[in-house]
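First the structure, in the form of C-alpha cells, and then the observations on it.
The values are calculated or read from the model by the stated rules, or taken from the named source; none is laboratory data. From a predicted model like this one, the values you see are computed outputs, not experimental measurements. Here the Cβ is made from the backbone with ideal geometry for all residues, glycine too, and neighbour counts use every protein chain on show. With ligands, DNA and RNA removed, areas are computed over all heavy atoms of the protein, side chains included. Shrake-Rupley method; radii C 1.70, N 1.55, O 1.52, S 1.80 Å.
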Amino acid sequence: MKSIRFLNGHGAMLLAGFGLAAIGLALEPARPRLSIPQGSGNEDTADPEAEQPEFPQLPAMGNSDSNGSMIAVTGIDLTGSSILYLIDTVNRQLAVYQANGGAASTQGIKLVGARRIDLDLQLSGWNDRSEYSFEELESKFSELRAPAKPVK
C-alpha cells in the first residue's frame, strides 16, 4: 500500500500561503479614520470616544502614456466618472474629457474643458502658496553661484 504525503511540494506551498495570509490578516493594523473637528476647538473637552463620520474612500486608479507629441492621463473624478486628460506637447493644448457608463441613457462622453497652455507654462507663479516665491529662490541661487570675493 502506497503512503500518500499530504505535504508534498504543492501542498506545503499552499499550506504556507494560507498560513501567511491568516497571519497577515490577524496582524493588519486598524485603518485610521478621518475625523472632522467638532465643538469650540478646545481639544480638552472633546470626547475621544465620540463617533466620528467616515469619509468614503475613492477609487485610486489611473494610467498614462505618451508618444512624441501627446500625453494621455486617465483617472476617476469625485463623482466616480472616468476622466481623460490629453496634453498636446507640440501645440501646447490641454483637453479634459469625462466618460460615464451605466444605463444607456447615462452613457456618454463630454468635453469638460480645453485651453491653450503655452502662456500658462510661461508663468513664474500663480496661486502659489509655496514657502518661497520663484523670485526669492532665484535670488538665493544667484547668491550661491556668485564667485567668492578675494581676500586681501
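Within region 94-122, restricting attention to residues that are open to solvent by 100 Å² or more (accessible area, probe 1.4 Å) and part of a loop (DSSP other than H, G, I, E, B), the residue that is modelled with the highest pLDDT is 119. The residue that is farthest from residue 87 (Cα to Cα), counting only those in region 112-138 that are out of contact with any strand residue (DSSP E or B) (no Cβ under 6 Å at 6 or more places or on another chain) and among the aliphatic types (A, V, I, L, M), is 137. Contact annotation: residue pairs with Cβ atoms under 9 Å, 6 or more positions apart or on different chains, pairing a residue in region 127-152 that is free of Cβ contacts under 8 Å to residues at least 12 places away in the same chain and loosely packed, with under 10 Cβ neighbours inside 10 Å with a partner that is in a helix (DSSP H, G or I) and among the aliphatic types (A, V, I, L, M), are 130/137.
Selection of region 112-126 for residues being more than 18 Å from residue 76 (Cβ to Cβ) and without any contact (Cβ under 8 Å) to a residue 24 or more places away in the chain yields 114, 115, 119, 120, 122, 123, 124, 125, 126.
Criterion first (polar (S, T, N, Q), within 27 Å of residue 71 (Cα to Cα) and free of Cβ contacts under 8 Å to residues at least 40 places away in the same chain) does residue 105 satisfy it? No: the conditions fail for residue 105. For region 73-89, taking the residues that are surrounded by 14 or more Cβ atoms within 10 Å (Cβ to Cβ) and small (Gly, Ala, Ser), the one that is farthest from residue 108 (Cα to Cα) is identified as 75.
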